[in-house]
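Just below is one structure, and these are the notes that go with it.
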Amino acid sequence: MASLYFYFSSMDSGKSTYLLQSAHNYESAGKRVLVLTPGIDDRYGMGKVTSRIGLQKEALAISARDDLLEQIGQQHKENRLSCIMIDESQFLSEQQVWQLSNVVDQLGIPVLCFGLRTDAFGEAFPGSKVLLAIADELCEIKSICKKCEKKASMQVRLDGGGNVVKSGNVVQIGGNDSYLSVCRKHYKALMAD
């Protein structure tokens, strides 16, 4: 039975690595996987899922306006799909998450979403909010706070000088140079300073 999965964590936890390993497992079993990534995240090139440890895979770049049920349905009709995997799923629109639930419920294809739960200001991303509400399976990928040994569940944004950014645009694409994964206690302390 197909399900909608949401694998979430703070930044630098290995979400993309886990996605790439999962895609490899399906493909080594002779199954067809469709990997999607929001076009807004073009750090490593448009339409690429790249992990910090160097693994990489081509993916279909999507925009917030794309109808994912329609796109996936067309691909499935042309050549049967066994699984859909989405990197950076926090950037999906609320409507797209519901479309993915229709991929599961109507087409019977499992959908694995990988992304952040919250932004750098402690608020749920719109896509993550809906995934947390309707996913069949919620799977937390553990990471370690960069300030202590507790579990990292949040991230703070850093400016070019390494100072914590406390306001601004919700979306700023970046990696370890722009974000610091921390536990809730250190998040609160850093945001209060």
| When residues of segment 10-36 are limited to those that are in contact (Cβ under 8 Å) with a residue 60 or more places away in the chain and assigned to a helix (DSSP H, G or I), the one farthest from Ile144 (Cα to Cα) | Ala23
| query | Within the group Val164, Val111, Val104, which residue is touching a residue at least 24 places away in the same chain (Cβ under 8 Å), farther than 25 Å from Leu20 by Cβ and in contact with a Leu (Cβ under 7 Å, 6 or more places away or on another chain)? | reply | Val164
| remark: Matching residues in segment 49-72 (part of a loop (DSSP other than H, G, I, E, B) and under 23 Å from Ser93 (Cβ atoms)) number 6
| said: Between Ala192, Ala124, Ala152, which is under 18 Å from the mean Cα position of the chain (by Cα) and without any contact (Cβ under 8 Å) to a residue 12 or more places away in the chain? | reply: Ala124
| request: For residues that are in contact with a strand residue (DSSP E or B) (Cβ under 8 Å, 6 or more places away or on another chain) and either modelled with pLDDT of 95 or more or within 18 Å of Val130 (Cβ to Cβ) (or both), tally how many sit in segment 55-74. | output: 6
| request: Go through Ile72, Ile62 for me and flag whichever is within 24 Å of Thr118 (Cβ to Cβ), buried (at least 19 other Cβ atoms within 10 Å of the Cβ) and of a type in the set (Val, Ile, Thr). | output: Ile62
| From the residues in segment 116-132 that are touching a strand residue (DSSP E or B) at 6+ places or on another chain (Cβ under 6 Å) and of a type outside the set (S, T, N, Q), which one is farthest from Tyr187 (Cα to Cα)? | Leu131
| said: From the list Leu100, Leu81, Leu138, Leu132, exactly one residue is modelled with pLDDT of 95 or more and assigned to a loop (DSSP other than H, G, I, E, B). Which is it? | reply: Leu81
| Residues located in segment 132-149, provided they are more than 18 Å from the chain's Cα centre (by Cα) and among the charged types (D, E, K, R) | Lys146, Lys147, Glu149
| Among the residues of segment 162-178, is there at least one that is modelled with pLDDT of 95 or more and basic (Lys, Arg)? | no
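The values are calculated or read from the model by the stated rules, or taken from the named source; none is laboratory data. Keep in mind that this is a model prediction, so the values were computed, not measured. Counting neighbours? That spans all protein chains shown, and the Cβs are built from the backbone with ideal geometry, glycine included.
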